[in-house]
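The values are calculated or read from the model by the stated rules, or taken from the named source; none is laboratory data. Nothing here was measured: the structure is a model prediction, and the numbers come from that model. Cβ placement follows ideal geometry from the backbone for every residue including glycine, while neighbour counts extend to all protein chains displayed.
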Amino acid sequence: MPVIAFRQALKDAMDEEMARDENVILIGEEVAQYNGAYKVSQGLLDKYGPERVIDTPITEEGFTGVGIGAALVGLRPIVEWMTLNFSAQAFDQVLNNAAKMQHMSGGQLRVPVVFRGPNGPAEFLSSQHSQSFQAFYSHIPGIKVVAPSTPYDAKGMLKSAIRDDNPVVFLESELMYAWKGEVPEEEYLVPLGKAEIRRAGEEVTLISFSKPMQMVLEAAQALEKEGYSAEVIDLRSLRPLDEQAVYESVRKSNRCVVIDNDWPVAGFASYLGWLISRNCFDSLDAPVELVTMEDVPTPYNHAMELAMQPSVEKVMNAAKRVMYVTQ
Amino acid sequence: MGKGKTSSSAGASAKKAASKTPAASEKSFRIELLRQMLLIRRVEEKSAQMYGLRKIGGFCHLYIGQEAVAVGAVAALDLKQDYVLTAYRDHGHALTCGMDPNALMAELYGKATGCSRGKGGSMHLFDVEKHMLGGNGIVGAHIPIATGVALKIKYKKENGVVLCFFGDGAIHQGSFHESLNLAKIWNLPIVYICENNHYGMGTDFRRVSSVTDFSKMGISYDIPGSQMDGMDVLKVYEAVKEAVERVRKEHHPRFIEAVTYRYKGHSMSDPATYRTKEELKEYKNQDPILILKTKLIDSKQISNEEFDKIDAECKQISNDAAQFAEDSPQPAVETLYEDVVV
């Protein structure tokens with residue numbers, strides 16, 4: 001099976017869907033002539049032309065709204081946000097238009113638009129460019145929020161997102177773009193809303209999604225070396241959420257750690273922790289632990305920015321806490 | 001649409017008329033414009049009455065006084081290919097696009113037979129079949145949406161034009177300025193119409209705008225702008241018709257300021273103490289219905305009796321709509337989970 005980079009998988013997904021459906025267009029800053037700020041749209045302008053691969057001025061609210069408007073009347077726009085940090089400028093369009101048009105029209109309208117771009121901290125970018133938006137977007141009924149962690153899922157889920165009749169926020173990560181993985185040549189789709197067990201285990205369930213998945217898998221390996229068996233779940237989709245996959249694992253392991261590279265207060269991890277506590281109460285041998293960012297803006301200094309994020313060590317310690325291992 | 005009984009709605013004949021873009025001097029066309037303005041006026045008066053009886057709740061922004069703008073502008077469209085988007089003062093636009101008054105009133109009542117199944121209310125009237133895409137509640141936030149509809153028209157090489165209505169309160173939002181720039185760089189078929197009714201909620205536009213002639217607002221985006229008398233439906237029709245025809249042909253966006261006035265407060269709860277009685281009286285003297293009625297009577301195109309008959313019909317439609325809304329079922333509470341995602 002060919003091994004390709006995450007960015008290539010995303011590009012292939014858009015390429016295949018644009019070839020399949022002329023209603024699919026790509027719109028955003030630097031997506032066309034520059035081939036993408038992170039080269040995700042490399043070659044698409046040459047292949048599909050400026051009518052379908054559309055450069056915009058730096059006007060997130062404007063072009064995000066344009067994507068939504070075009071979706072209302074039959075196109076399937078992919079709106080690229082250079083990073084999710086800048087999507088804050090467009091937040092009203094997502095919250096009040098994309099997520100509401102179907103509802104407030106009593107089902108007359110559909111909004112088949114994908115908003116995609118890198119989410120969460122990269123490196124050395126300080127506070128305004130290193131934020132996570134999963135809690136903001138997952139909070140909103142009326143949209144889907146997905147966050148793949150492998151090139152295989154990135155391709156299969158982006159294709160599904162483009163074909164979905166709802167607005168989908170598709171979370172990527174700068175540092176993941178170069179990650180490589182096996183992606184088959186033949187066409188496939190990965191459904192939105194299905195979690196994946198990345199590693200089977202018995203004694204503790206580790207749950208995460210997107211970029212932290214690699215770190216969580218490392219932590220699981222390190223735990224194994226110390227004699228502890230961890231099951232690792234990749235949520236892949238936050239909305240809809242595959243609750244059953246989570247509960248089945250936790251009911252087996254009786255212990256759970258949720259890892260979310262986002263602030264702790266009112267975050268997705270805290271919501272998931274509550275769901276597990278409520279639905280697996282009789283199975284739990286320990287309170288659910290959360291490993292999140294520290295409750296501070298991301299600093300520039302590398303040691304500081306690493307210290308504010310989840311790490312292998314923090315995940316291992318949390319796993320040991322729920323297993324009541326003396327540290 | 002049209003879950004309710006279809007009444008002899010204003011829009012059906014308007015649409016037929018608009019596709020031929022009739023001459024403003026044509027008698028039957030003028031009478032149709034008059035009828036549509038009267039229908040809006042009577043439906044809104046009925047809404048206000050029912051609001052007072054607490055049949056309608058929440059925000060209810062009446063269009064009374066501004067009828068000429070929506071009626072004259074939409075008459076210049078062919079809604080088979082053209083689109084209309086507006087903000088939350090949307091009853092007039094919905095009716096003139098041809099929305100069934102029953103579906104409108106039922107939506108105000110929050111009933112299952114409302115155009116949005118009781119989920120939108122007064123601010124969120126939609127009639128997708130008639131290309132009326134809201135009914136949008138955040139000031140200025142629908143302007144990029146309308147621009148996106150125009151992008152689709154261009155991309156699909158269709159012949160349509162979008163009319164995007166908004167108030168003087170929206171014109172300072174970034175969304176307006178971002179949209180005009182995008183529409184110009186992409187040459188989109190859209191006419192932006194600012195309905196300057198003089199007050200953004202309770203704030204006189206002159207207190208919060210660097211310019212008082214909004215027709216200048218398109219200039220920095222190289223978009224031609226003009227100002228029209230928004231109290232005279234025939235002038236609105238002529239101005240918008242010309243703009244729409246040029247946009248259709250040249251695929252360049254245009255901007256029009258309609259100088260108009262609302263007689264009521266911003267919403268039902270606003271006593272409008274920020275303006276003088278004299279000012280209100282001055283505008284009531286140039287009431288859009290009165291202007292056209294006088295013109296038609298003076299030119300003997302209509303008699304007082306004929307006018308009264310049309311007015312009575314519109315009152316009847318409004319009463320029937322309220323009765324329809326009253327008799328309609330409440331939506332099943334379980335439907336609150338519907339229309340969120342598919």
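Report whether or not A:VAL146 is more than 25 Å from A:SER210 (Cα to Cα), among the hydrophobic types (A, V, I, L, M, F, W, C) and in contact with a helix residue (DSSP H, G or I) (Cβ under 9 Å, 6 or more places away or on another chain). Taking the combined requirement at face value, the residue does not satisfy it. Among the residues of segment A:128-143, write down those that are surrounded by 23 or more Cβ atoms within 10 Å (Cβ to Cβ) and farther than 20 Å from A:VAL265 by Cα. Passing the criteria: only A:ILE143. Going residue by residue through segment A:45-57, is there one that turns out to be at pLDDT 95 or above, closer than 30 Å to B:ALA103 by Cα, assigned to a helix (DSSP H, G or I) and more than 9 Å from every other protein chain (Cβ to nearest Cβ)? Scanning segment A:45-57 turns up no residue that is at pLDDT 95 or above, closer than 30 Å to B:ALA103 by Cα, assigned to a helix (DSSP H, G or I) and more than 9 Å from every other protein chain (Cβ to nearest Cβ). Please give the helices (runs of 4 or more DSSP H) falling wholly within segment B:150-253 in which 1 or more residues are in contact with a strand residue (DSSP E or B) (Cβ under 7 Å, 6 or more places away or on another chain) and within 10 Å of another protein chain (Cβ to nearest Cβ). In segment B:150-253, the matching helices (runs of 4 or more DSSP H) lie at B:174-185. Scanning segment A:119-169 for residues that are of a type in the set (Ser, Thr, Tyr) and part of a loop (DSSP other than H, G, I, E, B) gives A:SER126, A:SER130, A:SER132, A:SER149, A:THR150. Among residues that are in contact with a strand residue (DSSP E or B) (Cβ under 7 Å, 6 or more places away or on another chain), farther than 22 Å from A:TYR177 by Cβ and not charged (D, E, K, R), A:ALA70 is included. Assessment of segment B:304-313 against the conditions (over 24 Å from B:LEU234 (Cβ atoms), within 22 Å of the chain's Cα centre (by Cα) and surrounded by 14 or more Cβ atoms within 10 Å (Cβ to Cβ)) yields no matching residue.
Once segment B:273-302 is narrowed to residues that are at pLDDT 95 or above and touching a Gly at 6+ places or on another chain (Cβ under 9 Å), the residue that is surrounded by the most Cβ atoms within 10 Å (Cβ to Cβ) is B:PRO288.
One residue stands out among those in segment A:202-215 that are farther than 21 Å from A:ASP285 by Cα and either hydrophobic (A, V, I, L, M, F, W, C) or more than 13 Å from the chain's Cα centre (by Cα) (or both): the one that is surrounded by the fewest Cβ atoms within 10 Å (Cβ to Cβ), which is A:GLN214. Restrict the check to segment A:75-83 and report whether at least one residue is free of Cβ contacts under 8 Å to residues at least 12 places away in the same chain and within 28 Å of B:GLY135 (Cα to Cα). Checking segment A:75-83: not a single residue is free of Cβ contacts under 8 Å to residues at least 12 places away in the same chain and within 28 Å of B:GLY135 (Cα to Cα).
The residues of segment B:328-342 that are in a helix (DSSP H, G or I) and surrounded by 12 or more Cβ atoms within 10 Å (Cβ to Cβ), listed by number, are B:THR335, B:LEU336.
Please find, within segment A:209-249, the residue that is farthest from the other protein chains (Cβ to nearest Cβ) out of those that are in contact (Cβ under 8 Å) with a residue 24 or more places away in the chain and of a type in the set (Gly, Ala, Ser). Within segment A:209-249, the match that is farthest from the other protein chains (Cβ to nearest Cβ) is A:ALA222. Can you find a residue that is at pLDDT 95 or above and in a helix (DSSP H, G or I) anywhere in segment A:30-41? For segment A:30-41, residues at pLDDT 95 or above and in a helix (DSSP H, G or I): absent.
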